[in-house]
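Written out below as structure tokens is the structure these notes cover.
The values are calculated or read from the model by the stated rules, or taken from the named source; none is laboratory data. Not measured: the values here are computed from a predicted model. Cβ atoms come from the backbone with ideal geometry, glycine included; neighbour counts cover every protein chain shown. Side chains are part of the model used for accessible areas, which takes the heavy atoms of the whole protein and leaves out ligands, DNA and RNA. Shrake-Rupley method; radii C 1.70, N 1.55, O 1.52, S 1.80 Å.
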Amino acid sequence: MNKPVIVSEETAAAPVMVADAAPGLTAKAAVAGPAYVVLAGISFSHFLNDTMQSLIASVYPILKDAYALDYAQIGMITLAFQFTASLLQPVVGHFTDKKAQPFSLAIGMGFTFVGLLLLSVAHLYPIILIAAALVGLGSAVFHPESARIARLASGGRYGFAQSVFQLGGSFGTSMGPVLAALIVVPFGQPSIAWFSSIAFLAIVILWRIGVWYRPQITTKKTAVVERHPDHPDSRRVKIALAVLVALLFSKQLYVSSLSSYYIFYLIDKFQVSTQAAQLYLFIFLAANAAGAFFGGPLGDRYGRKYVLWFSVLGALPFTLALPYAGLATSAVLTVFIGLILSSATSSIIVFAQELMPHRFGMISGVFFGVAFGIGGLGAAVLGKVADHTGIAFVYHLCAFLPALGLLAVFLPKMPRQANSE
């Protein structure tokens with residue numbers, strides 16, 4: 001795990017190369033290789049966490065019909081969920097940089113447990129917003145510290161570990177529409193309570209991971225600050241972080257447009273049923289999950305900058321074609337879009353961690369938080385646009401977002417140690 005370091009004010013403004021665990025612990029982990037059981041456990045927990053989160057977007061058609069909601073109100077539900085997730089993740093990351101909390105993940109999952117139960121019985125719009133916010137709060141606690149555990153269990157293969165971690169979350173997200181189609185649509189809103197059992201299982205797993213994690217943080221020593229001579233200076237780091245945020249913006253906003261409104265787009269344009277539309281959404285989200293695995297290992301091997309070039313800009317031809325495609329072709333295009341765009345996630349996060357290794361928890365929380373915040377704000381704004389111009393126009397507009405991948409030209413070349421750790 002990353003330890004806080006004591007640095008001067010000048011050094012604190014610049015990136016540093018610093019050990020991210022107690023002396024000798026990282027070296028031992030690298031020799032032993034990844035702790036696959038821990039990685040599998042944290043990835044499976046991510047799967048369970050994001051499965052429950054994705055239920056929110058998947059039941060939008062049910063909530064829309066039951067409570068006569070418009071697209072803007074649907075967007076506000078996403079915003080309520082994403083707002084707590086994005087606002088609190090950097091705070092949680094900053095706090096755990098100073099004092100790691102091995103059992104915070106299990107406690108955070110408790111908020112998701114309560115949020116699902118509340119959503120299953122909510123009959124007023126404000127209560128729906130509160131339930132969504134509680135699920136988002138659970139996510140805010142989960143992501144920064146679980147990313148730290150994945151790094152600690154990586155054996156030095158940081159991109160690989162981040163991809164395994166992201167893979168669980170992406171597949172969990174893809175399962176939401178399927179579970180909604182098979183369970184929530186036939187049995188209604190109260191059936192959401194059944195998924196609280198998933199939250200309980202996640203609490204048990206995360207508690208066991210906390211038992212493994214606790215001995216790793218018992219010995220704390222101040223790490224020696226040593227800036228790599230080839231590391232970018234503070235000005236280039238700031239530029240690089242801004243570019244990474246822009247790349248994350250383009251990726252996350254497009255994914256948000258599909259996860260929040262693709263069901264309505266298919267129903268409006270092709271007159272498919274709600275259940276059929278949810279299965280088409282699953283196709284995209286499954287491709288998104290599969291692509292999430294490849295970005296990290298490819299970044300470890302070839303450099304994250306090249307992966308980012310491909311994974312954002314490479315989706316542009318397919319997003320431009322989607323608004324003009326038929327139903328079957330749309331499904332094929334979303335597979336390519338999901339595979340290509342999702343490969344950026346691990347590389348963006350690990351690149352940012354390498355730029356600011358002395359603030360690992362905070363920078364992880366910031367980028368996870370930005371991802372959630374963009375999704376929430378984007379859903380709300382796109383909902384307003386859809387209400388005024390039609391849902392089809394949203395996809396004509398969002399088609400150009402991957403063009404922001406051109407900004408990757410401004411990313412610096414990282415020291416070889418950072419890319420090959």
Legend entry - For Ile77, net neighbour charge (Lys/Arg +1, Asp/Glu -1) across residues whose Cβ lies under 13 Å away: 0
Legend entry - Accessible-area order (highest first, 1.4 angstrom probe) of the listed residues Phe44, Phe81: Phe44, Phe81
Legend entry - Karplus 3J(HN,Hα) series, Hz, for the range 187-196 with 6.51 cos²θ - 1.76 cosθ + 1.60 (x for Gly, Pro): 9, x, 4, x, 5, 4, 4, 4, 6, 5
Inset, instruction - Take the solvent-accessible surface of the protein heavy atoms, probe 1.4 Å, and return the percent of it on the range 36-144 that carbon and sulfur atoms account for. - result: 79 percent
Legend entry - With all protein chains modelled, accessible area of His123 [1.4 Å, Å²]: 130 Å²
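Given contacts defined as C-alpha pairs under 8 Å and at least six residues apart, what's the relative contact order of the range 80-228, whole-number percent?
On the way: 155 pairs, mean separation 51.1, N = 149.
Contact order relative to length: 34 percent.
Could you give the accessible area per residue of the range 117-171, probe 1.4 Å, as a whole number in Å²?
Result: 25 Å² per residue.
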Inset, instruction - Could you rank Trp309, Trp207 by how accessible they are, 1.4 Å probe, largest area first? - result: Trp207, Trp309
Inset, instruction - Could you tell me the distance between the Cα centroids of the range 148-201 and the range 45-77, to the nearest Å? - result: 15 Å
Legend entry - Rounded, prolate or oblate (a/c below 1.5 giving rounded, otherwise prolate when a/b exceeds b/c) for the range 242-307 by Cα gyration tensor: oblate
Inset, instruction - Would you kindly find the accessible area of Tyr36, with a 1.4 Å probe and non-protein molecules such as ligands, DNA and RNA excluded, rounding to the nearest 10 Å²? - result: 130 Å²
Inset, instruction - Could you please report the charge total around Gln166, scoring K, R as +1 and D, E as -1 over all other residues with beta-carbon less than 13 angstrom from its beta-carbon? - result: +1
Inset, instruction - With all protein chains present, calculate the accessible area of Ile198 using a 1.4 Å probe and round the result to the nearest 10 Å². - result: 40 Å²
Legend entry - Calculated FRET value between Ala321 and Ile130, using beta carbons and R₀ = 41 Å, to 0.05: 0.55
Legend entry - For Ala35, residues with placed amide H under 5 Å, excluding near neighbours: Ser154, Gly155
Legend entry - Ile239-Val114 pseudo-label distance in nm [points 7 Å out on the Cα-to-Cβ vector]: 4.7 nm
Legend entry - Stretch gain in nm, segment Asp387-Ala403, where the contour uses 0.36 nm per residue and the Cα spacing is subtracted: 3.2 nm
Inset, instruction - Mind giving me the nanometre distance, one decimal, between the label points for Ile267 and Ala66, set 7 Å out from Cα along Cα→Cβ? - result: 1.4 nm
